[in-house]
Structure formats: C-alpha cells, structure tokens
Amino acid sequence: IDGNKLKTKISIDTVGNMDINITADDGTNTPATQAFTIAVITDIPDITPVIKQFTVTQGSNRGRVISKTGGVVTVRATVIAETYEWSSVNVTDTSEDGDTVFVFDPANTDAGILTITLKAITNTHSSERVLQLELMAESVSNGDDDGDGISNNKDNNTAINKIQAGAGKTITSPTNTRILLGAMGKDSSRLTLAQMQQYITDNNLPNKSSDTSTTGDIYDYVVEGLSATGATTSVIIELTTAIPANAELRRYSLVTGWANFEVNTNNTIHSKISTTCTDDSAWKAGLTTGATCLKLTVKDGGINDTDGEQTDNTGNANGVIASTISIAVPPTTNSSGGGGGGGGCVYNPNAPARFDMGFILLIVLSAYYLIRRKRQFIR
C-alpha cells in the first residue's frame, strides 16, 4: 500500500477473482475494514471501450469546479482498455501511473475552462471523451461539496445521495450510497435527445442515439457504494413530465443504443401519482398513466446496468450501477420503422386498433372503380 493506493503483483497465469481486505486505522477511531474483489482476466475483448465516468478530486473538494490555489487535481476515469492517451491544451499531466489517472497542478494555469481529453484504445477499437473543468482564480466558491458533478451555485441540495433531475426535481438513491451525474450529464441528470447526440458528437463516439420523436425525458445517473458486488439498488426519480398513456421504459447504452428496460426479479419498475414521491401512498408495478414518481430497481452487472460489470478497474468492489433511461410514447402506427444505431420506433402490441389512411383510400378508390365498371356493363 502506497499512500491511498493498493498495488498488487500477480502471476500472468493467474485468472479469476482476488479477494482482499483493507483496514483503515487512524489511531483514534475504531478501525474500519472493507472487502474488495479484483477480477483477473486473460485478455481484453476487442470491443469499443466506453469511458463511463470521470472522478475529479482536489484536496477535500470533489467535482468539476477547481481552484488555482487548491493544490493538485486528480482525474480518474472508469474504463477498461489496453492503452490510454491523455491530452490537454491547458495543463500537463504529471501522473506516474499514466493509465486511467491524470494528475496536474493548476497553480500557473489561467482561470477559465480547462479541456482534458482521454482516448482509450483496445486492439483496433478506441473511444475518446472530453472533460471540461472550471478553474476559479482564487477560492472554489462554487465548489461541489456533495461531489455529484454539479457546482454548488447550480445545485439545490447537498446530500450525496441526491442529484438534480431538472428544475426543482431530484433523483434519490439509498442513504448509504452515492449518486452522481452520468457520463452525458451537465448540471442535471435530465437530458434531451439533442443533448445526448451533442455529447456523442463532441466525444467522437459512434452515434447510437437515434430514436423516434416519441422519446421522452432522458435521465442519466450513476450510483456508487452498493452494499455488495452484484447487489440491487433502487432510485426514486421525480419526473418532470407525467407518464403518458401506453408509455414504455427504455434503457440506453453508449455501445448498443436503445433497448427495452428488462423486468425480472432483480430489475423492477414502480410508479405512483404523488406531489412528493415520499408520501405513504402505495407504489404500483409498471408505468402508471399520470404518475410523476418513478422507482427503478437495478441489479449491479445486470441487463439494465449500462456499466455492464459488477466490478471496475478503480477497485470499487461494492458495485457501480450506471443507468440511462427514457419514458417513450409508442408511435401512432403499428409500424416498427427503422432507426439507426439500435434505435427505431417503439411498438406497443397492446395499443388500440387503428386504421391506416392509405388503406382506407385504397378501398374507396377500388369501390369507385367497381361502380364505374358496373355502369358500363349495364349500358
């Protein structure tokens, strides 16, 4: 153990899980022990790596607002790849790790927006993501006390298990967890389809965001500190837009695009009509028409966890759940018309029967033609 970093040396033939316990003891308080599991794999699959999350720390401050006088800044990325290329036109990386960590001192840097780029490469595939930090001249008066990725002057709460989801709305995770902005979030976890597409353009990612115009509000968040690896956790979302009739919940992945939210024992959808979302009224399974409260339960590493793993290379074996979801309204026709990159129309087989206007027009024209032919025969 070097400072707050754990370094391990293993045989190249060792494959499987390494279980370790780390005890922290400051000599005053009761020592605390935490169990971790490190996954050892034979090779990294040749797939496009996804840079899922940046964690920015400067002393005791966490978040994207930093200070010239606050000391060294450490940026950590959550991603698994073979090689990593950091670059910046503003500052120089002084990290010795050189992989998923970027360290710099902003003392001699001009105040303003700092741009840092990470390119993660796996065999023939690569991803690139841009991180923008706001550098304050003196003190971090608009810092990020709760570390949720939203600066204090734009945040409406200071709890580490709450994050903004639009004006006056929040997403809440259990009290023993931490919730942060998702990869695409900026000042709020609520996105629009245009903001999602802009993020993909800015970061040179394959465009998997195509979907129908029926896509509703999009929510992008990350929950850390689950009770155990592979555990489930629930979040409560105060919806900006009430759930419409015949709506469907969809999930999004930067790699595969849109898909239906899978419901099973460990992944559930509940909703209710409430002004607070914390009252004693009962939650109903599924999407309730007119509801403004949504409760989602997602399993770490499960089908709806776009992080896709129970552990990650930051050593967080307590689990991290990343989720990007949207409440979509089915289109007005029973057609599953194509969309790019995993998108397409949402088809609802339970929707009311509808008549196609083109078919009706064809019937009318056919009847007119038969009437004309009949008149000719009579003559």
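The values are calculated or read from the model by the stated rules, or taken from the named source; none is laboratory data. As the structure is a computational prediction, the values presented were derived from the model and not from experiment. FYI the Cβ positions are ideal-geometry reconstructions off the backbone, even for glycines, and counts take in every protein chain you see. Ligands, DNA and RNA are stripped out before the accessible areas are found, and what is left, the full protein with its side chains, is counted by its heavy atoms. Shrake-Rupley method; radii C 1.70, N 1.55, O 1.52, S 1.80 Å.
Summary of computed values
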quantity: First in region 227-253 and part of a loop (DSSP other than H, G, I, E, B), second anywhere and modelled with pLDDT of 90 or more and basic (K, R), Cβ under 9 Å, 6 or more apart; calculated: L239/K169; T240/K169; T240/R190
quantity: Residue match in region 101-108 (condition: open to solvent by 40 Å² or more (accessible area, probe 1.4 Å) and among the charged types (D, E, K, R)); calculated: yes
quantity: Members of region 220-260 that are in contact with a Pro (Cβ under 9 Å, 6 or more places away or on another chain) and among the charged types (D, E, K, R); calculated: E248
quantity: Test: Y199 is outside any loop (DSSP other than H, G, I, E, B), open to solvent by less than 20 Å² (accessible area, probe 1.4 Å) and either hydroxyl-bearing (S, T, Y) or over 21 Å from V329 (Cβ atoms) (or both); calculated: no
quantity: Enumeration of residues in region 149-166 that are open to solvent by less than 40 Å² (accessible area, probe 1.4 Å) and over 14 Å from R190 (Cα atoms); calculated: S151, N157, A159, N161
quantity: Scan of region 169-194 for residues that are open to solvent by 30 Å² or more (accessible area, probe 1.4 Å) and either in contact (Cβ under 8 Å) with a residue 12 or more places away in the chain or in contact with a helix residue (DSSP H, G or I) (Cβ under 8 Å, 6 or more places away or on another chain) (or both), ordered by number; calculated: K169, T172, P174, T175, N176, R178, K186, D187, R190, T192, L193
quantity: Some residue of region 76-96 being at pLDDT 80 or above, closer than 15 Å to L135 by Cβ and among the hydrophobic types (A, V, I, L, M, F, W, C); calculated: yes
quantity: Residue within region 121-129 that is basic (K, R), open to solvent by 10 Å² or more (accessible area, probe 1.4 Å) and in a strand (DSSP E or B) present; calculated: yes
quantity: Filter pass, Y219 being modelled with pLDDT of 90 or more and not acidic (D, E); calculated: yes
quantity: Residues (touching a Lys or Arg at 6+ places or on another chain (Cβ under 6 Å) and touching a residue at least 24 places away in the same chain (Cβ under 8 Å)) located in region 151-168; calculated: A165, G166
quantity: Which listed residue is over 23 Å from K169 (Cβ atoms) and either among the acidic types (D, E) or over 17 Å from the mean Cα position of the chain (by Cα) (or both), from N260, N264; calculated: N264
quantity: Counted residues, region 279-295 - those being of a type in the set (A, V, I, L, M, F, W, C), open to solvent by 30 Å² or more (accessible area, probe 1.4 Å) and assigned to a loop (DSSP other than H, G, I, E, B); calculated: 3
quantity: Candidate set: region 241-257, residues that are open to solvent by less than 60 Å² (accessible area, probe 1.4 Å) and under 19 Å from the mean Cα position of the chain (by Cα); chosen: the one farthest from H125 (Cα to Cα); calculated: E248
quantity: Criterion (assigned to a strand (DSSP E or B) and either open to solvent by 60 Å² or more (accessible area, probe 1.4 Å) or among the acidic types (D, E) (or both)) met by exactly one of D220, D211; calculated: D220
quantity: Among (1) surrounded by fewer than 19 Cβ atoms within 10 Å (Cβ to Cβ); (2) in contact with a Cys (Cβ under 9 Å, 6 or more places away or on another chain); (3) touching a residue at least 60 places away in the same chain (Cβ under 8 Å) - the single one T276 does not satisfy; calculated: (3)
quantity: Meets criteria (farther than 19 Å from C293 by Cβ, part of a strand (DSSP E or B) and in contact with a strand residue (DSSP E or B) (Cβ under 9 Å, 6 or more places away or on another chain)) for L205; calculated: no
quantity: Residue match in region 78-92 (condition: touching a strand residue (DSSP E or B) at 6+ places or on another chain (Cβ under 9 Å), in a strand (DSSP E or B) and acidic (D, E)); calculated: yes
quantity: Residue within region 27-45 that is modelled with pLDDT of 85 or more, crowded, with 19+ Cβ neighbours inside 10 Å and outside any loop (DSSP other than H, G, I, E, B) present; calculated: no
